[in-house]
1. Which residues, counting only those in the stretch 98-145, are touching a residue at least 60 places away in the same chain (Cβ under 8 Å) and in contact with an Asp or Glu (Cβ under 8 Å, 6 or more places away or on another chain)?
2. Take the conditions of a type in the set (Val, Ile, Thr) and surrounded by fewer than 22 Cβ atoms within 10 Å (Cβ to Cβ) and apply them to residue 103. Does it pass?
3. Just give me the residues in the stretch 197-229 being surrounded by fewer than 17 Cβ atoms within 10 Å (Cβ to Cβ), out of contact with any Lys or Arg (no Cβ under 9 Å at 6 or more places or on another chain) and among the basic types (Lys, Arg), in sequence order.
4. For the stretch 254-299, which positions are over 14 Å from residue 242 (Cα atoms) and aliphatic (A, V, I, L, M)?
5. All but one of (1) within 15 Å of residue 38 (Cβ to Cβ); (2) surrounded by 15 or more Cβ atoms within 10 Å (Cβ to Cβ) hold for residue 152, so report the exception by its number.
6. With in contact with a helix residue (DSSP H, G or I) (Cβ under 9 Å, 6 or more places away or on another chain), buried (at least 19 other Cβ atoms within 10 Å of the Cβ) and modelled with pLDDT of 95 or more as the only criterion, which of 61, 121, 159 stands out?
7. Quick test for you: out of 294, 283, 277, 247, pick the one residue that is touching a residue at least 60 places away in the same chain (Cβ under 8 Å) and either closer than 21 Å to residue 36 by Cα or out of contact with any strand residue (DSSP E or B) (no Cβ under 7 Å at 6 or more places or on another chain) (or both).
8. Looking only at the stretch 91-100, filter to residues that are at pLDDT 95 or above and not small (Gly, Ala, Ser); which one of those is surrounded by the fewest Cβ atoms within 10 Å (Cβ to Cβ)?
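The values are calculated or read from the model by the stated rules, or taken from the named source; none is laboratory data. Keep in mind that this is a model prediction, so the values were computed, not measured. Cβ atoms come from the backbone with ideal geometry, glycine included; neighbour counts cover every protein chain shown. Areas reflect the complete protein model, heavy atoms only, side chains present, ligands, DNA and RNA absent. Shrake-Rupley method; radii C 1.70, N 1.55, O 1.52, S 1.80 Å.
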Amino acid sequence: MVRPFRFGFQSTTVDIGEIAQTASAAEAAGFDTFQVSDHVGTQLSPFVALAAASAATTAIRLGTLVLNNDLHHPVVVAQEAATLDRLSGGRLELGLGAGHSFTEYAAMGQTFDPPATRKARLAEAIEIMRGLLDGNEVTYRGAHYNLSGARTLQPRQARVPLLVGVNGRAALAHAARKADIVAPTMLGRTLEDGQRHEVRWEAERLDATMGIVRDAAGARWSQIELHALVQAVVVTDDRQGAAQELAQRLGLRESDVLSTPFLCVGTHEEIAQHLQACRARWAISYFTVRDIDAFAPVITLLRELEGNDATDP
């Protein structure tokens, strides 16, 4: 089965008024989801920002991309998520991650645990949130959380989609078994600023990663939506030249710059073809970008080519 494309726009503004305007613009441009990140510092609260976006829109879905699990207790997240889902008329997609910015942990005086520990804690939180958002009372005994008869408000949707953005064999396998949307980040070591990363966008590496997801998903494979956060959209008539420049800057082969789903380079037509190729090779059909104007023509092209409308997961 070829899954229809979906497209998200991730806002980076810190202006609450601009959030509403941008969400409305993304909806008008044909994006399926309006998404916000979750960082400590001079950024908007993700749930408050999405509430503002909800008030300014009617149909576009609303997502966290992604909540840092270490900054939020899963019961509180489930309560916030259910409230926002009701407020928005059932439009929430809850995105979760294990946290990566060691500078933010340091600023809070919070221990920055090794990756395996953070990912194991995320896996437990996913189990808890899935149960709560499905309307269940949850008692849980784990290495990181202990709950006794926890309940939260029930969301509007029968099933709030969970997007999980992770790396690593165990974390990806757990996401494949439990998440609705799996988002391999394909990023390496966090760099000194605490935000940027080394990239691991080699095509063969992504082949292997998707093999892990497919094997772990088993019979669920056809039900899972696969997601990529596009780090740059470069609209140009000189695709080769732009790819050479990016390859030099990122330390990648030019062929990987041209094939990776985490970059979109070329004319709008070439980018549309590129995304079709990514879907054919890796089954990735859900792409998030950070530039409405540059990417909107690609959405129009693909929907004309494929004759489909925006489709919920």
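1. If the condition is that a residue be touching a residue at least 60 places away in the same chain (Cβ under 8 Å) and in contact with an Asp or Glu (Cβ under 8 Å, 6 or more places away or on another chain), then 98, 103, 145 are the ones that fit.
2. Numbers: of a type in the set (Val, Ile, Thr): yes; surrounded by fewer than 22 Cβ atoms within 10 Å (Cβ to Cβ): yes.
Yes; evaluated as a whole, the condition is true for this residue.
3. Of everything in the stretch 197-229, those that are surrounded by fewer than 17 Cβ atoms within 10 Å (Cβ to Cβ), out of contact with any Lys or Arg (no Cβ under 9 Å at 6 or more places or on another chain) and among the basic types (Lys, Arg) turn out to be 205, 214.
4. 272, 275, 277, 280, 283, 284, 289, 292, 294, 296, 298, 299
5. Only one criterion in (1) within 15 Å of residue 38 (Cβ to Cβ); (2) surrounded by 15 or more Cβ atoms within 10 Å (Cβ to Cβ) is unmet by residue 152, namely (1).
6. Numbers: 61 fails: in contact with a helix residue (DSSP H, G or I) (Cβ under 9 Å, 6 or more places away or on another chain); 159 fails: buried (at least 19 other Cβ atoms within 10 Å of the Cβ).
Unique residue meeting the criteria: 121.
7. On the way: 283 fails: either closer than 21 Å to residue 36 by Cα or out of contact with any strand residue (DSSP E or B) (no Cβ under 7 Å at 6 or more places or on another chain) (or both); 277 fails: touching a residue at least 60 places away in the same chain (Cβ under 8 Å); 247 fails: touching a residue at least 60 places away in the same chain (Cβ under 8 Å).
Exactly one residue qualifies, and that residue is 294.
8. Top of the filtered list is 91.
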